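Okay, structure first, notes after.
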């Protein structure tokens, strides 16, 4: 495994989360969802890469989460997935629509998604340490 590449994925993921925070403070709610999706996608790929030395070339958060659950075999992660499945699908939609559709999101959903991202970061960092 290439440690530099694993660290790069984690750093880039956290940079996307920082961008989402800045987007929110500027009122760029659509970009909050896009950047949270990018944060989550790269952090999941980082965790997969650390365990298996590669990661699937997919943009599907649900696919990546299912793979993470299989690799890490943690019950709390499965519960997290079940609880936030609809949010993952919303983020997948936001990723696709950011490129192809004139989709807008309001402050309330952006705030909820940002809170979800902060909680997800805690869960993924915990998973990485254990």
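The table for this structure:
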item	result
Top-ranked residue in region 4-13 [being modelled with pLDDT of 95 or more and touching a helix residue (DSSP H, G or I) at 6+ places or on another chain (Cβ under 7 Å); ranked as surrounded by the fewest Cβ atoms within 10 Å (Cβ to Cβ)]	12
Filter result for the condition that a residue is crowded, with 18+ Cβ neighbours inside 10 Å and either in contact with a strand residue (DSSP E or B) (Cβ under 9 Å, 6 or more places away or on another chain) or within 13 Å of residue 114 (Cβ to Cβ) (or both), over 64, 17	17
Boolean, residue 22 is under 13 Å from the mean Cα position of the chain (by Cα), under 21 Å from residue 115 (Cβ atoms) and part of a helix (DSSP H, G or I)	no
Some residue of region 107-127 being surrounded by 13 or more Cβ atoms within 10 Å (Cβ to Cβ), more than 19 Å from residue 19 (Cα to Cα) and in contact with a helix residue (DSSP H, G or I) (Cβ under 7 Å, 6 or more places away or on another chain)	yes
So residue 47, is it farther than 17 Å from residue 2 by Cβ and surrounded by 15 or more Cβ atoms within 10 Å (Cβ to Cβ)	no
Checking residue 1 against (1) modelled with pLDDT under 95; (2) assigned to a helix (DSSP H, G or I); (3) over 13 Å from residue 110 (Cα atoms), the condition it does not meet	(2)
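The values are calculated or read from the model by the stated rules, or taken from the named source; none is laboratory data. Everything numeric in this text was worked out from a predicted model, so none of it was measured. Using ideal geometry, Cβ is built from the backbone for each residue, glycine included, and neighbour counts are taken over all protein chains shown.
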